1. Scan the range 47-60 and give yes if some residue there is β-branched (Val, Ile, Thr), out of contact with any helix residue (DSSP H, G or I) (no Cβ under 8 Å at 6 or more places or on another chain) and without any contact (Cβ under 8 Å) to a residue 60 or more places away in the chain, otherwise no.
2. Taking the options Thr119, Thr142, name whichever one is surrounded by 22 or more Cβ atoms within 10 Å (Cβ to Cβ) and either modelled with pLDDT under 95 or of a type in the set (Ser, Thr, Tyr) (or both).
3. Within the range 161-193, track down each residue that is of a type in the set (Asp, Glu), open to solvent by 20 Å² or more (accessible area, probe 1.4 Å) and at pLDDT 95 or above.
4. So is Lys91 crowded, with 20+ Cβ neighbours inside 10 Å, of a type outside the set (Asp, Glu) and more than 19 Å from the chain's Cα centre (by Cα) or not?
5. Could you please let me know if Ala199 is open to solvent by less than 50 Å² (accessible area, probe 1.4 Å) and either assigned to a helix (DSSP H, G or I) or over 26 Å from Gly171 (Cα atoms) (or both)?
6. Just name the residue that is modelled with the lowest pLDDT out of those in the range 211-249 that are over 20 Å from Thr81 (Cβ atoms) and assigned to a loop (DSSP other than H, G, I, E, B).
7. Can you list residue pairs whose Cβ atoms sit under 8 Å apart, with the first residue in the range 72-84 being open to solvent by 10 Å² or more (accessible area, probe 1.4 Å) and the second being part of a helix (DSSP H, G or I) and at pLDDT below 95? Count only pairs 6 or more apart in sequence or on different chains.
8. Condition first: β-branched (Val, Ile, Thr), open to solvent by less than 80 Å² (accessible area, probe 1.4 Å) and within 30 Å of Ala181 (Cβ to Cβ). Now tell me which residues in the range 1-37 satisfy that.
Amino acid sequence: MTTIYADNAATTKLSQTALEAMMPYLTDNYGNPSSLHTVGQNAAEALFKARKTVADCIGADPKEIIFTGGGSEADNQALLTAAEIGARKGKKHIISDVIEHHAILHSLKRLEKMGYEVTLLPVDGEGRVDPESVRKAIRPDTAIVSIMMANNEIGTIEPIKEIAAICRENGVLFHTDAVQAFCHEPINVDEYHIDMLSASGHKFHGPKGVGFLYIRKGLKLRSFIHGGAQERKRRAGTENVPGIVGLGKAVEIAMAELGNNKKKETELRDYLIG
């Protein structure tokens, strides 16, 4: 009996190429990238290569990429950071929408308990957020708008570029949960006016338990894991080198095949709908 796996929105199979790239860092190249000896510096070099691969993919600087334990952690860190930045300026209003992932919605519930006001925008029949509803919801005390790039349940791609431009015009930070879109849709953070972006490796045939947060240069990231100077003092703890290497390799593969994959996905969608 043949089993057909049709749940890639939940997780993807680790690619063989990514696994092979990870293996040396699980065996011989096991060094701590914070160590100054050769074994450690070999790991540090692999870490930098993966960071640059991710940064190049979205038009960012490698210094703007923070590796995390996954998309949910990155979402949490982005919202808490923006909330603190806003609070220092007397801005304690946050805008999102009703169909965000729980990593966003639960974080917003937590922020409400901390005294922030949250506006959740409605979506239309296809799950799309109207950019004009964002414009109307922005207030002088709005700290951040967070809208996902692609929905994890129905696949709707949101008008991120238009929404982010509205935020930039109004001096409001913009974050997008791009977990379902990264490596499936072309993204350029400067062109899209994105201040923060979250992604997770296991959504594009990388390993589980590793993701990243892009944060625009000049924004001070709130660190909520303390104990070391890793990730430019923004996330303490020895980096998951094998996982990060696997993520980097999965990014390389996905971006090389992006055009073909989009065509196949569109054809499959149309076939299933038809």
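The values are calculated or read from the model by the stated rules, or taken from the named source; none is laboratory data. Predicted, not measured: the structure shown is a model, and the values here were computed from it. Cβ: placed from backbone, ideal geometry, glycine included. Neighbour counts: every protein chain shown. In case anyone asks, the SASA skips ligands and DNA or RNA and just uses the protein heavy atoms, side chains included. Shrake-Rupley method; radii C 1.70, N 1.55, O 1.52, S 1.80 Å.
1. Looking only at the range 47-60, we keep the residues that are β-branched (Val, Ile, Thr), and these are 53-54, 58.
Still in the list and also out of contact with any helix residue (DSSP H, G or I) (no Cβ under 8 Å at 6 or more places or on another chain): 58.
Retained after the next criterion (residues that are without any contact (Cβ under 8 Å) to a residue 60 or more places away in the chain): none.
Looking through the range 47-60, none of the residues is β-branched (Val, Ile, Thr), out of contact with any helix residue (DSSP H, G or I) (no Cβ under 8 Å at 6 or more places or on another chain) and without any contact (Cβ under 8 Å) to a residue 60 or more places away in the chain.
2. Working: Thr119 fails: surrounded by 22 or more Cβ atoms within 10 Å (Cβ to Cβ).
Of the residues listed, the single one that is surrounded by 22 or more Cβ atoms within 10 Å (Cβ to Cβ) and either modelled with pLDDT under 95 or of a type in the set (Ser, Thr, Tyr) (or both) is Thr142.
3. Filtering the range 161-193 down to residues of a type in the set (Asp, Glu) leaves 162, 169, 177, 185, 190-191.
Those left that are additionally open to solvent by 20 Å² or more (accessible area, probe 1.4 Å): 162, 169, 185, 190-191.
The answer is Glu162, Glu169, Asp190, Glu191.
4. In short, yes.
5. Numbers: open to solvent by less than 50 Å² (accessible area, probe 1.4 Å): yes; either assigned to a helix (DSSP H, G or I) or over 26 Å from Gly171 (Cα atoms) (or both): no.
Judged against the criteria, Ala199 is not a match.
6. Step one: filter the range 211-249 for residues over 20 Å from Thr81 (Cβ atoms), giving 238, 240-249.
In the following step, the residues that additionally are assigned to a loop (DSSP other than H, G, I, E, B) were identified as 238, 240.
Numbers: Thr238: 94, Asn240: 97.
Checking each candidate, the answer is Thr238.
7. No pair meets every condition.
8. Looking only at the range 1-37, we keep the residues that are β-branched (Val, Ile, Thr), and these are 2-4, 11-12, 17, 27.
After this cut, where a residue has to be open to solvent by less than 80 Å² (accessible area, probe 1.4 Å) as well, the list is 11-12, 17, 27.
Result: Thr11, Thr12, Thr17.
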